[in-house]
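Asks: Structure below; questions to follow.
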Number of protein chains: 2
Amino acid sequence: MKTLLIISHPDLIDSGSQQYFLNSIKNQEDITIHHLENLYPDGRINVMKEQDLLKRHDRIIFQFPFYWYSGTPLLKKWQDEVLGEGFGYGTRKKPLAGKEFGLVMMIGVAEREYQAGGEELFTISELTKPFQAMANKLGMIYLRPLSIFQFFYMEEEEKMNTLIKYWQMLTMEKDISLATREKWLIQQLQKMTESTTELNTITFAIERIQENRDKIDELKMVLDDMFLE
Amino acid sequence: MKTLLIISHPDLIDSGSQQYFLNSIKNQEDITIHHLENLYPDGRINVMKEQDLLKRHDRIIFQFPFYWYSGTPLLKKWQDEVLGEGFGYGTRKKPLAGKEFGLVMMIGVAEREYQAGGEELFTISELTKPFQAMANKLGMIYLRPLSIFQFFYMEEEEKMNTLIKYWQMLTMEKDISLATREKWLIQQLQKMTESTTELNTITFAIERIQENRDKIDELKMVLDDMFLE
């Protein structure tokens, strides 16, 4: 599975949270990192090149800071120009149909405010309807989004948990079975052992697998006991 | 009441529907027409000037083509920069609190497609939640939007009806009583008689008032009959 990660951020270099996530996915051959502001500093988008790139990937991710409950100006320009008539819509063949589409959003306000009665009034599911409608129009499969709330207030363990969810968003096949997730995690660990900078994360991940496995074993023992009685 | 009409359209001159509406509101002293692409062709927004302009108006309208279920790139840039921390949010005093906020959207697809089971899947109320959330954050009063569906397929009478709704959006006080609406319509007609180019519209509007008045008179007669028996 090939993933196209389309990042849009007006000031990516200075964004600590963006850098944290980007540093963790360097040199992964199945992920194409595509930073719009860097590629098109003057805003002139190479539409043909972008359309071609979309065709060559199976999963498309938009990653952006969730300012004013929406994408960035350049991401919107990209949508309007690249997903134009004859490509995005208005044609019988839909070139993106069947591909997966997902959002990774950095959000400055706490999760609890995104509901009726909260400061932000609406849920993330409600506020991202324009993106859901876009995926619908293009015939794409809308993935469960990754909303990263107040990254800088997170404890180290929560940050690592989020990092694993991020990698799953970028590389794990859409399948909720535990077997798939275990397989995916082992693959990730194998890749990591090739580099040496990610040792903390590896230790953390191994502990999590161990923990999960222990729980499953406990459950099995309880079940065995029940049937023996 | 002073209205600030913020228009954003990548190609306003060539848009027939935009021109139709703009031509009808020339030289109205209570409406400030503010076309972003024209003012800021290089995208560099004068934030202080914009904030000052907002403060001096009572009703703020965003007018744009509803591409990909959202505003335009430059409108989003305007939101991100002008409604920044210390003005739009993150401060105790909310400079825009109590002002009115409305949307005028030109939409290329038929209204019936905007619902569950329709091609576009969601309603306009669902898709515009990011703007509703913005008004909520700023303490502004969100007006019923004006969604103009498939303007070019409209019959002449429907276009004129839409034009009247447009003027109401820009100039009529928020009040649903018939008396207010009649008063507003008469004011508009008085303004128009000062110019001579709008004769068709005047005739049409007068007919509508007459029609409404006839209906009210009929209703009164029915009520009178009921109480006499």
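Asks: Would a scan of the range B:11-29 turn up a residue that is in the same structural domain as B:Arg144 (by TED's automatic domain parsing), small (Gly, Ala, Ser), modelled with pLDDT of 95 or more and farther than 25 Å from A:Val109 by Cβ? Give the derivation first.
Replies: As a first pass, look at the range B:11-29 and keep what is in the same structural domain as B:Arg144 (by TED's automatic domain parsing): B:11-29.
Now restrict to residues that are small (Gly, Ala, Ser): B:15-17, B:24.
Restricting the remaining residues to those that are modelled with pLDDT of 95 or more gives none.
No, because not a single residue in the range B:11-29 is in the same structural domain as B:Arg144 (by TED's automatic domain parsing), small (Gly, Ala, Ser), modelled with pLDDT of 95 or more and farther than 25 Å from A:Val109 by Cβ.
Asks: To continue, here is another question. Looking at A:Glu194, A:Glu182, A:Glu198, A:Glu173, which one is acidic (Asp, Glu), over 18 Å from the mean Cα position of the chain (by Cα) and modelled with pLDDT of 70 or more?
Replies: Details: A:Glu194 fails: modelled with pLDDT of 70 or more; A:Glu198 fails: modelled with pLDDT of 70 or more; A:Glu173 fails: over 18 Å from the mean Cα position of the chain (by Cα).
So the residue among A:Glu194, A:Glu182, A:Glu198, A:Glu173 that is acidic (Asp, Glu), over 18 Å from the mean Cα position of the chain (by Cα) and modelled with pLDDT of 70 or more is A:Glu182.
Asks: Taking the condition of a type in the set (Val, Ile, Thr) and either closer than 21 Å to B:Gly43 by Cβ or out of contact with any Gly (no Cβ under 8 Å at 6 or more places or on another chain) (or both), does A:Ile13 pass?
Replies: Values: of a type in the set (Val, Ile, Thr): yes; either closer than 21 Å to B:Gly43 by Cβ or out of contact with any Gly (no Cβ under 8 Å at 6 or more places or on another chain) (or both): yes.
Here the answer is yes, as A:Ile13 does meet what is asked.
The rows are residues; the columns are (1) away from chain A (no Cβ under 14 Å); (2) in contact with a Cys (Cβ under 9 Å, 6 or more places away or on another chain); (3) free of Cβ contacts under 8 Å to residues at least 40 places away in the same chain.
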| residue | (1), (2), (3) |
| --- | --- |
| B:Gly86 | yes, no, yes |
| B:Glu100 | yes, no, no |
| B:Val109 | no, no, no |
| B:Gln115 | no, no, yes |
| B:Gly118 | no, no, yes |
| B:Ala135 | no, no, yes |
| B:Leu143 | yes, no, no |
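Asks: Pull up the range A:88-98, narrow it to residues that are more than 13 Å from chain B (Cβ to nearest Cβ) and surrounded by fewer than 18 Cβ atoms within 10 Å (Cβ to Cβ), then point me to the one that is modelled with the lowest pLDDT. Step through it out loud before you land on a result.
Replies: First, the residues of the range A:88-98 that are more than 13 Å from chain B (Cβ to nearest Cβ): A:91-93, A:95-98.
Within this subset, residues satisfying the condition of being surrounded by fewer than 18 Cβ atoms within 10 Å (Cβ to Cβ) are A:91-93, A:95, A:97-98.
Working: A:Thr91: 72, A:Arg92: 76, A:Lys93: 81, A:Pro95: 92, A:Ala97: 93, A:Gly98: 94.
Looking at residues that are more than 13 Å from chain B (Cβ to nearest Cβ) and surrounded by fewer than 18 Cβ atoms within 10 Å (Cβ to Cβ), I get A:Thr91.
Asks: Sticking with this one: Hey, can you tell me all the residues within the range A:120-133 that are more than 8 Å from every other protein chain (Cβ to nearest Cβ) and acidic (Asp, Glu)?
Replies: Scanning the range A:120-133 gives no hits.
Asks: Another one. Checking the structure you have, find out if any residue of the range B:56-63 is of a type in the set (Val, Ile, Thr) and over 28 Å from B:Trp184 (Cα atoms). Break it down into steps so the answer makes sense when it comes.
Replies: The first filter runs over the range B:56-63 and keeps only residues of a type in the set (Val, Ile, Thr), leaving B:60-61.
Now drop any that are not over 28 Å from B:Trp184 (Cα atoms), which leaves none.
The answer is no, given that none of the residues of the range B:56-63 is of a type in the set (Val, Ile, Thr) and over 28 Å from B:Trp184 (Cα atoms).
Asks: Moving to a separate point now. Any idea which of A:Lys2, A:Lys76 is at pLDDT 95 or above and more than 23 Å from B:Ser70 (Cα to Cα)?
Replies: Numbers: A:Lys76 fails: more than 23 Å from B:Ser70 (Cα to Cα).
Only one candidate passes the filter, namely A:Lys2.
Asks: Okay, moving on. Quick one: which residue in B:Trp78, B:Trp68 is of a type in the set (Phe, Trp, Tyr) and without any contact (Cβ under 8 Å) to a residue 12 or more places away in the chain? Full working, then the answer.
Replies: On the way: B:Trp78 fails: without any contact (Cβ under 8 Å) to a residue 12 or more places away in the chain.
Every option except B:Trp68 fails the conditions.
Asks: Looking at the range B:51-76 only, could you name the residues that are of a type outside the set (Val, Ile, Thr), buried (at least 21 other Cβ atoms within 10 Å of the Cβ), away from chain A (no Cβ under 14 Å) and in contact with a helix residue (DSSP H, G or I) (Cβ under 9 Å, 6 or more places away or on another chain)?
Replies: B:Arg59, B:Gln63 - these are the residues of the range B:51-76 that are of a type outside the set (Val, Ile, Thr), buried (at least 21 other Cβ atoms within 10 Å of the Cβ), away from chain A (no Cβ under 14 Å) and in contact with a helix residue (DSSP H, G or I) (Cβ under 9 Å, 6 or more places away or on another chain).
Asks: Considering the range A:88-98 alone, what residues qualify as being free of Cβ contacts under 8 Å to residues at least 40 places away in the same chain and not polar (S, T, N, Q)? If you could, list the steps in order and put the result at the bottom.
Replies: Applying the first criterion (free of Cβ contacts under 8 Å to residues at least 40 places away in the same chain) to the range A:88-98 yields A:90-93.
A:Gly90, A:Arg92, A:Lys93 - these are the residues of the range A:88-98 that are free of Cβ contacts under 8 Å to residues at least 40 places away in the same chain and not polar (S, T, N, Q).
Asks: Pick from A:Leu121, A:Leu146, A:Leu189: which is farther than 21 Å from A:Arg59 by Cβ, touching a helix residue (DSSP H, G or I) at 6+ places or on another chain (Cβ under 8 Å) and modelled with pLDDT of 95 or more? Before you say what the answer is, go through the steps one by one.
Replies: Values: A:Leu146 fails: farther than 21 Å from A:Arg59 by Cβ; A:Leu189 fails: modelled with pLDDT of 95 or more.
Within the list A:Leu121, A:Leu146, A:Leu189, the selection yields A:Leu121.
Asks: Does A:Ala116 count as in a loop (DSSP other than H, G, I, E, B), touching a Gly at 6+ places or on another chain (Cβ under 8 Å) and over 24 Å from A:Ile33 (Cβ atoms)?
Replies: Judged against the criteria, A:Ala116 is not a match.
Asks: Now for a different question. Please specify each residue of the range B:81-115 satisfying the condition of being within 10 Å of B:Gly139 (Cα to Cα) and among the acidic types (Asp, Glu).
Replies: Passing the criteria: only B:Glu100.
Asks: Does any residue of the range B:31-42 turn out to be touching a helix residue (DSSP H, G or I) at 6+ places or on another chain (Cβ under 6 Å) and assigned to a strand (DSSP E or B)?
Replies: yes
Asks: Counting residues that are surrounded by 15 or more Cβ atoms within 10 Å (Cβ to Cβ), aromatic (Phe, Trp, Tyr) and at negative phi, which helices (runs of 4 or more DSSP H) fully inside the range A:119-171 reach at least 1? Give the steps one after another, and end with the answer.
Replies: Values: elements: A:124-127, A:129-138, A:156-171.
In the range A:119-171, A:129-138, A:156-171 are the helices (runs of 4 or more DSSP H) which contain 1 or more residues that are surrounded by 15 or more Cβ atoms within 10 Å (Cβ to Cβ), aromatic (Phe, Trp, Tyr) and at negative phi.
The values are calculated or read from the model by the stated rules, or taken from the named source; none is laboratory data. Please read these numbers as outputs of a predicted model, since none were measured by experiment. Note that we place each Cβ from the backbone using ideal geometry, even for glycine, and neighbour counts take in every protein chain shown.
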